[in-house]
Amino acid sequence: MQLAAQAGATVIAVSSGEKRLEKISSLGADHVIDRSSQDLVEAVQDITRGNGVDLVIDPVGATLPSSLAVLSPESRLVFVGNAGGGNLSVDLWPAMQSNQTLHGVFMGRLFERPRIRSTVDALLVALENREIEVRIERVSPFLKPGPPMISRRERSHLAGSSWSRNGAAAGIGTAREWWNS
């Protein structure tokens, strides 16, 4: 969201609850939609005057039908993993008829590619230089060192977290240490 705002985009963010909506507003969202009390598609149509949006970045996955519904013709959807844990089956015919581009991303082995690694390294430098901000909602210690093991429910709330080598949510110092190991 911060990168989109820095690039000059009008940012529409979706979450639920007053506390989270305030947080995402402070990180650069121009508009916030409370998915628990507003119809997402209707709210986006109101904000865009019926035009839809040019780009949706969907880190949840289970929200793909709504994400597709708010796109304008010839726009794109990037869905990153499936933190929501739902079924990713959607009808692609309307997207094809509107010449929309769908791009699924599962980072996994992509980190081995030099271009991906350099982009992530640049983001870590931006974090270190405080050009973008990471807000840690909570720290969850784990019993053994190693990769974090969390439930699907927890994962949906922790999307975007950084992880240290000992498995706790961490700031930039330990995230870098983990990344470079």
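The values are calculated or read from the model by the stated rules, or taken from the named source; none is laboratory data. All figures in this text were calculated on a predicted structure; none of them were measured in a lab. Here the Cβ positions follow ideal geometry from the backbone for every residue, glycine too, while neighbour counts run over all protein chains shown. Remember, those area values only see protein heavy atoms, side chains included, never the ligands or the DNA or RNA. Shrake-Rupley method; radii C 1.70, N 1.55, O 1.52, S 1.80 Å.
For the reader, a short list of remarks on this structure follows.
- Qualifying residue in the range 120-130 (condition: closer than 28 Å to K19 by Cβ, of a type in the set (D, E) and surrounded by 10 or more Cβ atoms within 10 Å (Cβ to Cβ)): yes
- Taking the criterion of being open to solvent by less than 40 Å² (accessible area, probe 1.4 Å) and at pLDDT 90 or above, the only residue of the range 99-115 that qualifies is Q100.
- Any hit, the range 73-83, residues being under 24 Å from K19 (Cα atoms), in contact with a Lys or Arg (Cβ under 6 Å, 6 or more places away or on another chain) and open to solvent by less than 30 Å² (accessible area, probe 1.4 Å): yes
- All of (1) at pLDDT below 90; (2) in contact with a Ser or Thr (Cβ under 6 Å, 6 or more places away or on another chain); (3) of a type in the set (A, V, I, L, M, F, W, C) hold for L77 with one exception: (1).
- Some residue of the range 147-168 being at pLDDT below 75 and among the acidic types (D, E): yes
- Residue in the range 84-98 that is nearest to the chain's Cα centre (by Cα), counting only those that are modelled with pLDDT under 80 and either closer than 22 Å to A9 by Cα or surrounded by fewer than 19 Cβ atoms within 10 Å (Cβ to Cβ) (or both): G85
- Qualifying positions in the range 36-78 - under 15 Å from the mean Cα position of the chain (by Cα) and among the β-branched types (V, I, T): V56, I57, V60, T63, V78
- Residue count for the range 53-72, restricted to those that are among the small types (G, A, S) and surrounded by fewer than 19 Cβ atoms within 10 Å (Cβ to Cβ): 4
- Of residues in the range 115-139 being under 16 Å from the mean Cα position of the chain (by Cα) and assigned to a loop (DSSP other than H, G, I, E, B), the one farthest from A7 (Cα to Cα): E137
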